[in-house]
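Have a look at the structure below before the remarks.
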Amino acid sequence: LPAAAAMAAEPPSPPEPIVLPVFREESFGDKFLRKTRENPLVPLGCLCTVGILTYGLINFKRGDTRKSQLMMRARILAQGLTVAALLGGMAATAMKSR
């Protein structure tokens, strides 16, 4: 019993300090490059979509409606592939973090 009384009289020891990870501020360019390296198909799909859209609009302005319609359908396909690449990259990242 005297040992228990002596323990109760001592103040508790201070807790160990918690060390938090340090994150540096990431600029827009750094984040863009990191995300592009993680999933390069998304920016490539965006570029293809914009290129097809531009070519389709040029043909529409020229009056070539057949080629313009073909390019608009190709744009929808490119957009779909871009969304699929985005979802696939998100799924791969989620599986990697587990």
List pairs: first residue in the stretch 87-98 and closer than 18 Å to G45 by Cα, second residue assigned to a helix (DSSP H, G or I) anywhere in the structure, Cβ distance under 7 angstrom, at least six positions apart or on different chains.
G89/E38; G89/V42
Tell me yes or no: at least one residue of the stretch 71-86 is touching a residue at least 24 places away in the same chain (Cβ under 8 Å), open to solvent by 100 Å² or more (accessible area, probe 1.4 Å) and part of a helix (DSSP H, G or I).
yes
If K67 passes every condition in (1) among the charged types (D, E, K, R); (2) surrounded by fewer than 14 Cβ atoms within 10 Å (Cβ to Cβ); (3) part of a helix (DSSP H, G or I) but one, which one does it miss?
(2)
Mind listing just one residue for me: the one in the stretch 33-64 that is open to solvent by 60 Å² or more (accessible area, probe 1.4 Å) and hydroxyl-bearing (S, T, Y) and, of those, farthest from A91 (Cα to Cα)?
Y55
Can you find even one residue in the stretch 24-40 that is in contact (Cβ under 8 Å) with a residue 40 or more places away in the chain and either basic (K, R) or outside any loop (DSSP other than H, G, I, E, B) (or both)?
yes
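The values are calculated or read from the model by the stated rules, or taken from the named source; none is laboratory data. Everything numeric in this text was worked out from a predicted model, so none of it was measured. Every residue, glycine among them, receives a Cβ derived from its backbone with ideal geometry; neighbour counts consider all protein chains shown. Accessible surface areas use protein heavy atoms only, side chains included; no ligands, DNA or RNA. Shrake-Rupley method; radii C 1.70, N 1.55, O 1.52, S 1.80 Å.
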